[in-house]
Amino acid sequence: MSFSFVREQMVEPAPAPVNTAGPIAWARRNLFATPSDSLLTILAIVLLVWAIPPIYGFVMPNFLGGDAVPPGGTVEQCRVETAGACWAYISARMTFFIYGFYPAEEYWRPNLVFALGTLLIIPLAIPRVPFKRTNAILFFVVYPVVCFYLLNGGVLGMPSVPTEQWGGLLVTLIISLVGIICSIPIGILLALGRQSKLPIIKTLCIMFIELWRAVPLITVLFMASVMLPLFMPQGTTVDKLLRALVGVTLFSSAYLAEVVRGGLQALPRGQYEAASSLGLSYWKSMWFIILPQALKHVIPGIVNSFIALFKDTSLVSIVGIFDLLNTVQAASSDIDWSSPTQAITGYLFAGMVFWVFCFAMSRYSIWMERRLDTGHKG
Amino acid sequence: MSDISSNSAEERAINASQMKVSDTDVAIDVVGMHKWYGDFHVLRDIDLKVMRGERIVVAGPSGSGKSTLIRCMNRLEEHQQGQIIVNGTELTADLKRIDEVRREVGMVFQHFNLFPHLTILQNLTLAPIWVRGIPQAEAEATAMHYLERVKIPEQANKFPGQLSGGQQQRVAIARSLCMQPKIMLFDEPTSALDPEMVKEVLEVMISLAEEGMTMICVTHEMGFARQVANRVIFMDQGQIIEQNEPETFFSNPQHERTKLFLSQILH
Amino acid sequence: MAVQDNIAGPPRTAFYNDPVIRGIFYQLVVAGLVIAFLTWIILNTAQNLAAQNKSTGFGFLFETSGFGISFTLIPFDRSSYYWQAFVVGLLNTLLVAVIGIIFATMLGFVLGVARLSSNWLIARCATVYVEVIRNIPLLLQLFFWYFAVLKAMPAVRQSFELPLSIFVNQRGIIVPRPLPDFEIFWVAVTAVLALVAAIAMVVWATRVRTKTGHYPVVVSRASRIAGLIVTFGVGYLAISLLGTVVPALSLGPVFPLIGALVLAGISLSPYGRYGRVFIGFAIGWAVANFLLGGMFAGLGEGIIVLGAALVALGIAWTMLSADRRSAATEGKLPLALPVLIVIALPALVYWVTGASLAFEIPVLERFNFAGGLQLVPEMVALVLGLTIYTAAFIAENVRSGIQAVSKGQTEAASSLGLREGDRLRLVVVPQAMRVIIPPLTSQYLNLTKNSSLGAAIGYPELVNVFMGTTLNQTGKAIEVIAITMLVYLTLSLTTSAFMNWYNARVALVER
């Protein structure tokens, strides 16, 4: 038998046979590959057929084939027995959900805050846009101060609006943004302290971090609202919103410290060695060499903590602050709009708002993670 | 590399030519096989008959489908057209047949794929105990025998993570041998190794060849191919371009593509 | 000059440039600042307390509470002490945590595996679940379940009635209350012992199998007999259930008896698998008929019976082809024996001792149900919310744990000829569990901490009872908050101690 073989004619690529390509092959491979797969597929379809039409009917207004009352409808429509979600109620109370009790003639101020925030955060989030440092300083330092004076008023002829009147999505965003902005520097210091070789500093940082990580946020908020006034010199009153902010900041800085520590540990030792071999002092090497790299690495982690914090802000409603969830909860006992689906519509709306924010941020975090991963290999 | 004068090229050629083509002599028969990944036609019109005791080296540029080809032979990948018959069993979706084939065909991977949570000895005895139902003591004795063959019996109770790459690959070979396979497939066994460790692995493979094991190796080690193979297969773009006895293959390549490849790989 | 300097021994450092002294200096400064801050706080607090005429100390724990708690595991009333309120709250927290952990683990593992399923639809459904649930705050979900679902249930008089005398209404879920007599104790003991015995038997048989290459003869023989008995029992059940779908078959107790005998007989013949397939078909039909009937109440009965039959045919087909495709059974441990041990032994004791387990069926009276066990809606909502929320996170841990086991591991195991079950049991699961368990433990801790949100919907757990009611009544803010935080701190430190121990134990040995 001879082995010799030389191909004279190359075989050109051919399309896959029908039974291995195209939609039918796709279904066979992905839905009906084995009998148990087929069974699972059928069961899932049965479940979906059972669950989706009622949900669709409940959520969608009638021009899309559902039973919901679209924005602009009346409360009588919502009180019909077969009515679905009462979106009319949401649209009617929308300003309450967004601004709380903020005076209507001053809405331009929160609006300006929203606009400025969007304007600053978009270029900050896109890696290609230059002037990151200026942008970051504007966002993390200047913006909060501007916001405070804009919202609180009392300067430049703007009437003063006390924090009790702030509410809704505005407060949810304020708490989560202030929480993350204040906790980043504290978190960095704590992380550096935990990595430090000095035993007293290290122990203090570990104790601080582990204490706040161990307890539920709700106990921290209780503590802040009950004990903070006790801790202050006699006669000082601490604003309710400020108490919640302190609680949230303490809590999230402990979590952020752990995120930053992850970034510090992920840096190769060589970076530390190179920095000290250049003769840089501890703070200089941290500031110029270590932190810029470590922080860039933990951007996804920071975004994830922000998502967690954003969801956790809903807990401030327990200590009586009118965040988005609390305004929805309060509005659900509004007699003018009382209907069988009032409460559930409110929760659906709040759920969708939270979901859109969190989902968008989690996608961003995943995108950044991929980008950083490939950036390092290349 | 070590001398294996007892098995010179001519002798091997004679041995091969004396082989009779009968069903019992064919280890693997691939007939008109095609494979697609989605719309990508990875393997095109593969015809290959491997005799018992044959040592085949599959060479070719990366992405030419070499690894996919041998992974089809124990159904780690499925083919869409044509036939693959291993030890007289045709590979289809039937799990029983796949089990049958896999028991008789050993495979060594580029990245070893040892089980990191088991000791070396447990790695070696796992399949004999759970697939073949061999008593533990016996399986361990066999394992120690093969560990001695690959010259690392003293590592038996260590974990894979404690061994060097070359040692791990030798353990992986021993692990396959413990199932006493009739055919061994090697998927670039030395590509992930440091240069000084390549030799120890090749030595084990050469000694296996000397014992008459049927072997199909995807490798870039042309020295190994010259020394051990009785056939070299050159693949490109998912098809077999040229195959020949190593002597002729290296000294007198026919196809333009083969010439180009050899000129780049041999200095 | 320079040379001489070097010879003159180590250059002297100014003391403020010595790193050790600098370190000590920094630490002293920080410690001083912290102490000063704490002192300031303590002084302020003392002043504030003095101004409010409040005392400090833990004496209040032994005062009577004067309030009632709606749901308690231990006796508690107005005359109980505050420390008892603390215990009630702690127990309630632990109760929901344990129940939630069990359910969340089951749901989370199923979802995690489903996310990696090769079945596109199943994987998509699991992904949608995870992405929706984990991006919505838990508190909102709790409000949804409590206010929008459970509180919107019908009033007591219009309660939903589920099978087995379970009622759902505004006041929660009312289930039959088990009324065990004394002999039940022995049944329970036997059940535990039987479970231990079955596990021990499996472990022993596996060990013998490893050592000698085959399962012990005693076990194989007993398994064959057990298989016969189990087939008979399950066959009886299957044919009885079939009677619920096809009324013509419910002719009386004799018919299932004969059918079961026939099925047991078939299981001895080479056509045993058709008997098993028939049993699967019958049970599948009955169950699917029941479920579909509940889900699509509007459809005609005929359509539902037909649909159920289709599902059951699917099950039968699956069983048949799984049976055909799976290789010889000689390497597999027959499960009939342990199953029989676990079921039959307690049943035997139940029969011999004449124990009886009666149920107090809830009965609708004029205004409320009498009898039965009431699960308060607060607890149901909390367990539901915690389970659903945590399961999404556990699913992600399970998914990444399984993905962490490289494809090469499965390929190597397959190329050695290991079958799917053995591949999972011996290679994939042991490696995946090492990755899954640490984050899983922290999810358990999170769930326990999140149970404090029960306070917002009125479930009497630790934060609600102690940090809420007790604090309001006594005003001992510092003491109450310190105790509560200490409880969570203890839980957390215990968990992380366990995790450190586990990580050290299972760490893969590397060079």
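The values are calculated or read from the model by the stated rules, or taken from the named source; none is laboratory data. If you're wondering where the values come from, they're calculated on a predicted model, not measured in any experiment. No Cβ is skipped: glycine too gets one built from the backbone with ideal geometry, and neighbour counts run over all protein chains shown. For accessibility, only protein heavy atoms count, side chains too; no ligands or nucleic acids. Shrake-Rupley method; radii C 1.70, N 1.55, O 1.52, S 1.80 Å.
For chain B, carbon and sulfur atoms together expose 48% of the accessible surface, with a 1.4 angstrom probe and every protein chain in place. Counting Cβ atoms of other protein chains within 10 Å of each Cβ in A:206-217 and taking the mean gives 5. Evaluating 6.51 cos²θ - 1.76 cosθ + 1.60 at θ = phi - 60° for every residue in segment C:58-71, the Karplus couplings come out as 9, x, 4, 4, 9, 9, 6, 7, x, 10, x, 10, 5, 9 Hz, glycine and proline recorded as x. For peptide C:20-31, the mean count of partner chain Cβ atoms within 10 Å of a residue's Cβ comes to 3. Of all lysines in the structure, the ones whose alpha carbon falls short of 28 Å from that of C:Lys407, not counting any fewer than 8 places away in one chain, are A:Lys377, B:Lys35, B:Lys66, B:Lys96, B:Lys158, B:Lys182, B:Lys199, C:Lys332. By the Cβ distance rule of under 4.7 Å, chain A has these cysteines without a partner: A:Cys147, A:Cys182, A:Cys205, A:Cys358. Both the radius of gyration and Dmax for the protein assembly as shown are 36.1, 117 Å, in that order, over alpha-carbon atoms. Remark: segment C:184-358 carries 57 Å² of accessible area per residue (probe radius 1.4 Å; ligands, DNA and RNA excluded). With contacts taken as Cα pairs under 8 Å at a separation of at least 6 residues, segment A:103-160 carries a relative contact order of 35 percent.
For C:Lys449, the lysines whose Cα comes closer than 28 Å to its Cα, not counting residues fewer than 8 places off in the same chain, are A:Lys202, A:Lys240, A:Lys311, C:Lys151, C:Lys476. Phi angles across segment C:358-367 convert, under the Karplus curve 6.51 cos²θ - 1.76 cosθ + 1.60 with θ = phi - 60°, into 3J(HN,Hα) values of 8, 10, 8, 7, x, 10, 6, 9, 4, 10 Hz, Gly and Pro given as x.
All C-alpha pair distances within chain B, sorted into 5 Å bins from zero, spread as 1, 6, 13, 16, 19, 18, 14, 9, 4, 1, 0, 0 percent across the bins. Cβ-Cβ distance of A:Lys284 and C:Leu49, R₀ of 35 Å, FRET efficiency by 1/(1 + (r/R0)^6): the value works out to about 0.15.
Can you tell me, using C-alpha contacts under 8 Å and at least 6 residues apart, the relative contact order of chain B as a whole percent? About 25 percent, as a whole number. Accessible area buried by the pairing of C and B, both sides summed with a 1.4 Å probe, works out to roughly 3100 Å². Interface burial in segment C:40-64, defined as at least 50 Å² less accessible area with all protein chains than with the chain alone at a 1.4 Å probe, covers C:Asn48. Under the membrane-span-like helix rule (DSSP H runs whose alpha carbons stretch at least 18 Å along the helix axis, mean Kyte-Doolittle hydropathy 0.0 or higher), chain C yields C:19-51, C:82-115, C:120-133, C:184-212, C:217-245, C:254-268, C:272-295, C:301-325, C:336-353, C:377-404, C:429-450, C:477-506.
Sequentially through segment A:61-73, phi angles give Karplus couplings (6.51, -1.76, 1.60; θ = phi - 60°) of x, 5, 6, 10, x, x, 10, 6, 8, x, x, x, x Hz, Gly and Pro residues having no value and appearing as x. Show which aspartates and glutamates lie in cross-link reach of A:Lys296 when reach means a straight Cα distance below 19 angstrom and same-chain residues fewer than eight apart are skipped. Within the straight-line cut-off, A:Lys296 pairs with A:Glu258, A:Glu369, A:Asp373. Here is how the number arises for the protein assembly as shown: DSSP H runs of 4 or more residues each give -39500 (n - 2.57), the sum is divided by the residue count, and the result at 222 nm is -19500 deg cm²/dmol. On the basis of the beta-carbon distance and an R0 of 35 Å, A:Arg29 and A:Arg370 show a calculated FRET efficiency of 0.85. In this structure, the amide hydrogen of B:Cys217, modeled 1.01 Å from its nitrogen in the peptide plane, lies closer than 5 angstrom to those of B:Ile56, B:Val57, B:Val58, B:Phe186, counting only residues at least 5 positions away or on a different chain.
Can you tell me the dipole magnitude for the protein assembly as shown around its Cα centre, using point charges on the Cβ only (Lys, Arg +1; Asp, Glu -1), in Debye to the nearest 20?
In debye, rounded to 20, the protein assembly as shown gives about 1140.
For the residues of B:102-113, the average number of beta carbons from a partner chain within 10 Å of their own beta carbon is 4.
Under 5 Å between amide hydrogens, built in the peptide plane, is the criterion, and for B:Glu242 it picks out A:Arg7, B:Phe234 among residues at least 5 positions away or on other chains.
Charges were assigned to the Cβ only: +1 to each Lys and Arg, -1 to each Asp and Glu. The resulting dipole of chain C about its Cα centre is roughly 1180 debye.
Of the residues C:Gly458, C:Thr410, C:Val429, the one whose Cα sits farthest towards the positive end of the charge dipole of segment C:397-461 is C:Thr410 (charges of +1 on Lys and Arg Cβ, -1 on Asp and Glu Cβ, taken about the Cα centre).
Between C:Val98 and C:Val128, the modelled labels are 3.7 nm apart [label points 7 Å from Cα along Cα→Cβ].
Interface area, chains C and A: about 5300 Å² of buried accessible surface, summed, with a 1.4 Å probe and ligands, DNA and RNA left out. Membrane-span-like helices of chain A, defined as complete DSSP H segments with a Cα extent of 24 Å or more along the helix axis and a mean Kyte hydropathy of at least -1.0, are identified as A:35-59, A:108-125, A:168-195, A:240-266, A:342-377. Residues of segment B:237-257 falling in the label zone of A:Val11, defined by backbone nitrogen less than 20 Å from a point 7 Å along Cα to beta-carbon, are B:237-244, B:255-257. Amide hydrogen proximity for B:Gly82: with H placed 1.01 Å from N in the peptide plane, the residues at 5 or more positions away or on another chain lying under 5 Å are B:His34. Entry note, segment C:131-176: relative contact order of 26 percent, from Cα contacts under 8 Å with a spacing of 6+ residues.
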